[in-house]
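Beneath this line is the structure, given in structure tokens, with notes to follow.
Every number here is computed from the coordinates shown, using simple stated rules; none is lab data. The shown structure was predicted, so the numbers you read here are calculated from the model rather than taken from an experiment. Methodologically, a virtual Cβ is constructed for each residue, glycine included, from the backbone with ideal geometry; neighbour enumeration extends over all protein chains shown.
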Ligand SMILES: NC(=O)c1ccc[n+]([C@@H]2O[C@H](COP(=O)([O-])OP(=O)(O)OC[C@H]3O[C@@H](n4cnc5c(N)ncnc54)[C@H](O)[C@@H]3O)[C@@H](O)[C@H]2O)c1
């Protein structure tokens with residue numbers, strides 16, 4: 001994900017990559033070959049004074065400690081989702097940002113996909129009438145490495161937070177109750193706590209039904225689509241599909257980091273904040289428990 005953020009930064013306006021901090025020598029070598037400074041730790045990066053803000057794209061279990069360290073040093077932070085692996089961690093991250101007087105944005109990139117922004121505007125303008133249901137699918141081509149899966153919080157947290165944030169953001173409603181079922185199908189040795197596909201149902205605070213489908217293997221490549229059914233309208237959008245999916249993702253990451261840079265300048269957050277991340281994580285964990 002760090003590499004994708006670097007590519008987005010290359011293309012973004014009003015913000016520039018300065019340095020990379022990563023314990024991996026291979027990653028640091030890649031950074032220096034791009035002309036960036038590279039440090040083995042965040043502490044070393046902070047000592048250099050190279051950066052005004054940071055993107056955290058380390059494994060999720062490290063999000064809180066990294067946000068705390070960066071915020072304490074006065075750097076604004078765009079943290080990858082889920083921004084911790086428990087809602088309390090996300091709240092602590094928010095508190096750390098407040099103490100440091102810095103912004104904390106969370107990387108829910110769907111909020112920067114133009115077709116979804118347009119859909120949300122139309123939902124909020126009442127074009128669909130009352131929303132009966134929103135169904136969201138996210139199926140990845142292949143799972144991340146086993147070591148990542150074991151510490152990512154499992155599929156419902158790792159992938160599901162995107163869908164719960166999307167449901168909240170699109171509908172303007174909170175997630176009330178969540179329950180789910182996991183498929184028993186696994187392509188190789190199952191990973192404890194990380195089934196390969198799940199289906200979740202949730203009720204939203206305004207009465208809308210949320211349906212979430214997640215899978216770690218999909219022959220068509222990384223894909224996301226959704227369907228909105230209202231009393232006065234219906235729409236189905238394949239917003240990430242096939243070879244065009246990468247372009248959509250890349251473009252959303254560019255818009256996301258540009259919005260973050262704008263927020264650093266004018267202190268108006270345009271993306272998801274820590275409270276949004278906390279709500280998405282709470283819903284995902286409720287689905288995991290169910
Ligand atoms: N928004 C999205 O759609 C999306 C997609 C994939 C991953 N992610 C998120 O991005 C994060 C990283 O996922 P990934 O798949 O890139 O993981 P990864 O394991 O491939 O990469 C993590 C990187 O962090 C580095 N790292 C480890 N400890 C570090 C530390 N203390 N300081 C700095 N760097 C450190 C590792 O060396 C590695 O280079 C996760 O939180 C994941 O949830 C988000």
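So the values come out like this:
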| read-out | value |
| --- | --- |
| Compactness relative to 2.2 N^0.38 Å, alpha carbon Rg of region 22-144 | 1.33 |
| Sorted by Cβ neighbour density within 10 Å, fewest at the top, the residues 249, 164 | 249, 164 |
| Within the chain, percent of DSSP bridges classed antiparallel, to nearest 5 | 65 percent |
| Rounded tilt (10° steps) of 63-72 against the dominant C-alpha axis of the chain | 50 degrees |
| Angle in degrees between helix 160-171 and the longest Cα principal axis of the chain, rounded to the nearest 10 | 70 degrees |
| 13 Å reach of a label modelled at residue 262, 7 Å along Cα-to-Cβ, counting backbone N of region 112-132 | 112-114 |
| Cα-based shape type of region 121-275, given that a ≥ b ≥ c are square roots of the gyration tensor eigenvalues and the cut on a/c is 1.5 | oblate |
| Gyration tensor (alpha-carbon) shape descriptor, the chain, a/c threshold 1.5 | prolate |
| Sites residue 151 and residue 237 - FRET efficiency at Förster radius 35 Å, r taken between beta-carbons, to 0.05 | 0.60 |
| Alpha-carbon centroids, region 192-268 and region 44-99: separation in whole Å | 24 Å |
| Translational diffusion of region 116-187, µm² s⁻¹ [Kirkwood Rh, Cα pairs; Stokes-Einstein; 4 °C; 1.567 mPa s] | 89 µm²/s |
| Acute angle (nearest 10 degrees) that the helix 114-124 long axis makes with the longest principal axis of the chain, alpha-carbon atoms | 50 degrees |
| Sorted by Cβ neighbour density within 10 Å, fewest at the top, the residues 156, 178, 185 | 185, 178, 156 |
| C-alpha center-to-center spacing [region 1-22, region 150-187] in angstrom | 28 Å |
| Residue order, fewest to most beta carbons within 10 Å, for 6, 281 | 6, 281 |
